[in-house]
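Input: a single structure, listed below in structure tokens.
The values are calculated or read from the model by the stated rules, or taken from the named source; none is laboratory data. Since the model is a prediction, treat every value here as computed from it, not as a measurement. Neighbour counts run over all protein chains shown; Cβ positions are idealised from the backbone, glycine included. Ligands, DNA and RNA are excluded from the accessible area calculation, which covers all protein heavy atoms including side chains. Shrake-Rupley method; radii C 1.70, N 1.55, O 1.52, S 1.80 Å.
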Amino acid sequence: MDFHIEKAYEAKKFEDKIYQKWEKSDAFTPKIDKKKKPFSIAMPPPNATGVLHLGHAIMLAIQDIMIRHHRMLGDSTLWLPGTDHAAIATQNKVEQFLAKKGKTKYDLGRKKFLQEVNKYVKNSQNIIRKQIRKMGSSCDWTRERYTLDKGLTNAVQEIFIKMYNDGLIYRGDRIVNWCPRCESTLANDEVEYKDAKEKLYWIKYGPFTVATTRPETMLGDTAVAVNPNDKRYKKIVGNKSMIPGPLGEFEIRVVADKRVDPEFGSGAVKVTPAHSFDDFEIAQKNDLPVKSVINEKGRMKKNCGKYAKITTLQCRKAVVKDLEKLGLIEKIEDYEHSLSICYRCGTPIEPLISKQWFINVDRTIIKDGKKKKSLKEKSIEVVKNKEIQILPSKFNKIYFNWMENLHDWCISRQIWFGHRIPAWYCKNCDEIVIRKEKPIKCQRCKSTEFKQDPDTLDTWFSSGLWTFSTLGWPKKNKDLKYFHPTSVMETGYDILFFWVARMIIMTTYALDEIPFRTVYLHGLIRDREGRKMSKSRPETCIDPLEMIEKYGTDAVRLSLVIGGTPGNDMRLYEEKIAGYRNFVNKIWNAARFALININKEDLKNNFEQSMIKSFADKWVLTELQKLINEVDRDLEKYRFSEAGTKIYDFFWSKYCDWYLEISKGEHKNPAVLLFVLKTSLKLLHPFVPFITEKLWEFLGEDQLLINERWPKSDKKLIFTEEAKTMDLIHNIISKIRSVRSELRVEPAKKIHAVIYAGKYIDALEQKREALMRLARLESLEIKDKGPKIKKAKAAFVDKTEIYLPLKDLIDLNKEKKRLEKDIGSKEKYIISLESKLKNTGFIKNAPKEVVEKSKTKLENEKENLKKLKKQITELQ
RNA sequence: GGGCGCUUAGCUCAGUUGGCUAGAGCGUCUGGUUUACACCCAGAAGGUCAUAGGUUCGAAUCCUAUAGCGCCCACCA
């Protein structure tokens with residue numbers, strides 16, 4: 001055909017234009033159609049900060065594969081995109097910007113500060129939208145949502161009120177993880193740990209010696225705890241005792257708690273209820289007074305006398321100094337332990353008592369049949385009874401373990417950016433009113449003055465509603481009814497608890513429905529050495545956008561999908577991406593070849609059974625049907641890497657290396673060439689959407705590939721016998737090539753060959769041209785059988801014998817060694833096969849096909865061994 | 001401390017229900033201007049499937065133990 005396409009595929013030239021075409025065509029926007037099956041994914045919303053990284057790239061690649069596949073299957077397919085306001089992360093970013101200008105959020109005030117944040121968010125949302133498009137993501141932009149938009153905010157308030165009314169949300173004084181830098185609470189799982197070298201101070205503590213890493217908390221001590229079985233202290237448990245301290249004597253009580261290890265130090269622990277989780281629990285159990293000495297900024301409170309207002313660290317030094325003066329320090333040791341830090345800013349956590357909002361996960365309230373269940377129980381149940389399937393399944397246990405140990409969830413955050421808590425306090429009588437808008441009149445005191453709770457909600461509270469709030473809830477609209485529960489939740493295993501678990505909790509409660517049927521967890525992308533990519537080592541970081549620029553999106557997508565298995569981390573490096581760029585280029589060139597070899601009429605013709613001609617045609621069609629079957633199975637079971645590898649292998653090693661090569665000779669068949677190419681493009685499309693769409697256009701199609709139907713494996717296109725014959729021909733060609741190479745025959749030199757083909761004589765005759773061309777033969781004799789040919793190199797493929805009269809070229813010694821090696825390994829193999837077949841257990845228990853296969857294999861090998869042995873005698 | 005996982009070619013990794021002489025890509029080596037593609041083609045070398053036992057007719061695959069590596073959770077005052 002007459003046309004011009006560049007030799008090398010240049011992704012950059014086409015990708016953006018192709019994406020625009022898709023978007024304009026409405027291909028991304030599904031129609032609600034009751035005759036169709038719905039398939040939906042709620043895209044994990046990227047934070048409204050920063051830029052696209054590899055974590056986003058892998059999730060977009062995997063999800064887009066599922067989405068495109070299902071769209072092509074004819075399902076009504078929705079992929080709903082959006083962004084997350086990511087409260088603390090975003091607020092921190094903006095605070096950093098302000099800090100550069102020497103300002104703090106307090107300089108601006110709440111209202112202005114939030115305006116700044118929103119400006120920043122708008123900007124980065126635009127960047128993210130562009131980048132999601134860059135990845136080729138076929139998501140429905142008409143349904144895009146934002147966790148802080150009107151509808152979602154309404155959903156958040158609605159749920160809060162419902163939970164409050166059900167007694168699942170309460171407000172109380174609890175010990176919380178407090179970040180003094182963010183000046184906010186953190187949920188338990190927002191706390192990270194790092195190893196730190198600190199000091200352990202041994203303090204003379206009245207009748208005890210106690211060890212602590214935090215002497216400054218001594219100012220808030222109200223008890224000493226000992227192990228209940230510790231004989232030394234049994235008598236004094238319950239007593240009060242006066243302890244000398246830097247601010248004079250103070251009173252403590254002696255309590256017993258089994259958590260205390262009698263072996264450690266003197267077996268006594270000082271108890272600071274207001275600033276330690278364990279101590280708080282001990283205090284609650286024993287009804288101890290709680291003395292708070294550290295404030296929200298990480299500084300000592302007024303009640304600390306001369307230490308007031310200084311930071312905890314300053315206070316630690318001062319207290320130690322004073323204790324030393326008093327002779328109360330017994331010793332100071334180096335001590336390594338894990339320090340809890342804020343997951344956002346790395347500041348050490350300060351546990352303290354604070355009035356916060358909590359979700360009660362243990363209260364049994366959800367009616368499930370006759371029984372009442374807690375949020376926790378319900379969330380465990382839906383996974384236990386397989387309503388929700390988690391992949392890979394090893395995460396089931398991890399999920400259960402986490403859920404079972406879940407404590408009440410602190411949902412209030414003392415930051416400005418986020419959903420305001422819909423709680424109002426009467427300025428006059430402190431009455432609490434829970435409602436969306438400001439109340440008009442206090443029911444109790446008739447006051448009209450209210451102030452709203454200043455706090456905002458944990459960002460995961462709103463993302464926990466993501467699958468249904470984005471579909472319009474609390475309105476019961478068509479989208480929600482049709483697309484919920486969503487089909488798959490695909491995300492990284494690192495946010496299984498943060499997010500996935502919370503969606504299960506919130507959705508089963510709000511809708512009495514699961515949020516998704518399958519959870520697919522991908523691994524993290526690591527650098528070449530298997531380390532986490534981190535900004536502190538920029539040389540190991542791969543920027544997906546830079547890679548897209550260099551190698552194209554299709555290559556980047558393949559490199560993220562192939563070679564990875566669910567739940568396992570994957571290493572990524574540039575050469576890998578370059579390798580897949582090569583494959584993308586191969587697709588391009590295969591299409592070029594096809595286009596050169598077919599004419600316009602061929603393009604118009606539909607493929608029909610009558611167009612199938614040669615063995616090669618039947619072989620490639622058979623292989624294609626096998627491929628479709630396997631890919632279907634793999635995709636159904638979420639084995640994306642396997643599916644991708646198989647298509648890659650078919651296309652390169654079978655279609656290009658064999659079928660295209662054969663097509664260069666007299667067996668050219670444009671109909672099959674084109675049909676297989678088109679079907680391959682369809683199979684490839686979910687993986688490499690851009691190049692396949694572009695080539696689809698070149699092939700004269702006026703409809704977009706994205707909307708084509710997924711290929712179905714067709715029994716009429718499977719020719720088992722002919723395919724086997726073709727495999728034999730391939731093997732013969734490979735054998736001759738291999739012999740040539742071993743014997744150092746120059747590639748350009750054409751040689752003679754004789755083949756005794758037995759029953760395959762006709763088949764080989766039909767493929768004579770291909771055989772001669774691909775094996776580079778000058779002449780070829782094909783007979784059913786004949787005498788051994790002397791002075792020739794012999795080779796055997798199945799039951800055919802190949803003779804290459806090359807006597808002059810053969811180095812007799814080398815050839816002898818080769819033959820001996822060959823004979824050796826054959827003999828070993830034959831022995832292993834024989835002993836297997838003599839084994840009655842094997843004959844009895846193994847499936848018939850396995851036994852049969854072994855038998856024929858043995859027969860063939862025995863025969864070939866005989867031939868090899870003859871060869872070696874003839875050499876001498 | 002509790003839980004989970006990994007160990008397969010020089011490197012990165014597949015290996016589905018236990019069943020062909022364990023595969024791929026990269027790298028290495030030997031050659032190559034063939035009707036698309038050097039981002040290519042042909043060929044080759046390279047493995048004690050971490051180790052030791054066990055179950056089985058048969059184990060990379062299942063079980064037990066050991067070693068090394070990694071992750072998660074809880075937390076030690």
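Figures for the structure shown
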| quantity | calculated |
| --- | --- |
| Number of positions in the stretch A:633-667 that are more than 6 Å from RNA strand B (Cβ to nearest atom), over 21 Å from the mean Cα position of the chain (by Cα) and more than 25 Å from residue A:582 (Cβ to Cβ) | 2 |
| Among (1) modelled with pLDDT of 95 or more; (2) within 9 Å of RNA strand B (Cβ to nearest atom) - the single one residue A:685 does not satisfy | (2) |
| Residue tally, condition within 16 Å of RNA strand B (Cβ to nearest atom), open to solvent by 10 Å² or more (accessible area, probe 1.4 Å) and outside any strand (DSSP E or B), over the stretch A:150-203 | 2 |
| Leading residue by the ranking (farthest from residue A:645 (Cα to Cα)) among those in the stretch A:556-580 that are without any contact (Cβ under 8 Å) to a residue 40 or more places away in the chain and near RNA strand B (Cβ under 6 Å from one of its atoms) | A:575 |
| Close pairs from the stretch A:831-852: first modelled with pLDDT under 85, partner open to solvent by 80 Å² or more (accessible area, probe 1.4 Å) and more than 8 Å from RNA strand B (Cβ to nearest atom), Cβ under 9 Å, at least 6 apart | none |
| Filtered residue count, the stretch A:246-265, keeping only those that are open to solvent by less than 20 Å² (accessible area, probe 1.4 Å), in a loop (DSSP other than H, G, I, E, B) and closer than 12 Å to residue A:210 by Cβ | 1 |
| Filter pass, residue A:321 being modelled with pLDDT of 90 or more, of a type in the set (Lys, Arg) and closer than 23 Å to residue A:301 by Cβ | yes |
| Subset tally (residues that are part of a strand (DSSP E or B), within 29 Å of the chain's Cα centre (by Cα) and within 16 Å of residue A:294 (Cβ to Cβ)) for the stretch A:340-354 | 2 |
| Options A:267, A:245, A:238; residue that is over 45 Å from the mean Cα position of the chain (by Cα) and within 9 Å of RNA strand B (Cβ to nearest atom) | A:267 |
| Flag for residue A:406 being aliphatic (A, V, I, L, M), in a loop (DSSP other than H, G, I, E, B) and open to solvent by 20 Å² or more (accessible area, probe 1.4 Å) | yes |
| Evaluation of residue A:621 against (1) under 20 Å from residue A:727 (Cβ atoms); (2) surrounded by fewer than 19 Cβ atoms within 10 Å (Cβ to Cβ); (3) more than 11 Å from RNA strand B (Cβ to nearest atom); (4) not small (Gly, Ala, Ser) (one fails), failing number | (2) |
| Identity of the residue in the stretch A:204-229, more than 10 Å from RNA strand B (Cβ to nearest atom) and part of a loop (DSSP other than H, G, I, E, B), that ends up most open to solvent (accessible area, probe 1.4 Å) | A:229 |
| Selection within the stretch A:230-241 - open to solvent by less than 90 Å² (accessible area, probe 1.4 Å) and touching a strand residue (DSSP E or B) at 6+ places or on another chain (Cβ under 6 Å) | A:233, A:236, A:237, A:239, A:241 |
| Identity of the residue in the stretch A:151-181, at pLDDT 95 or above and within 30 Å of the chain's Cα centre (by Cα), that ends up farthest from residue A:309 (Cα to Cα) | A:151 |
| Counted residues, the stretch A:530-551 - those being near RNA strand B (Cβ under 9 Å from one of its atoms) and in contact (Cβ under 8 Å) with a residue 12 or more places away in the chain | 2 |
| Residue list for the stretch A:784-804, filter: open to solvent by 60 Å² or more (accessible area, probe 1.4 Å), in contact (Cβ under 8 Å) with a residue 24 or more places away in the chain and more than 14 Å from residue A:732 (Cβ to Cβ) | A:784, A:785, A:788, A:790 |
| Every residue from the stretch A:382-410 that is more than 15 Å from RNA strand B (Cβ to nearest atom), without any contact (Cβ under 8 Å) to a residue 12 or more places away in the chain and not basic (Lys, Arg) | A:385 |
| Residue identified as closer than 20 Å to residue A:494 by Cα, within 32 Å of the chain's Cα centre (by Cα), part of a strand (DSSP E or B) and of a type outside the set (Phe, Trp, Tyr) among A:398, A:390 | A:390 |
| Selection within the stretch A:651-665 - open to solvent by less than 50 Å² (accessible area, probe 1.4 Å) and in a helix (DSSP H, G or I) | A:651, A:653, A:655, A:656, A:658, A:659, A:660, A:662, A:663 |
| Residue selected from the stretch A:731-774 under the condition surrounded by 20 or more Cβ atoms within 10 Å (Cβ to Cβ) and of a type outside the set (A, V, I, L, M, F, W, C), by the criterion nearest to residue A:793 (Cα to Cα) | A:740 |
| Selection count where residues are among the acidic types (Asp, Glu) and touching a Ser or Thr at 6+ places or on another chain (Cβ under 9 Å), scope the stretch A:331-348 | 0 |
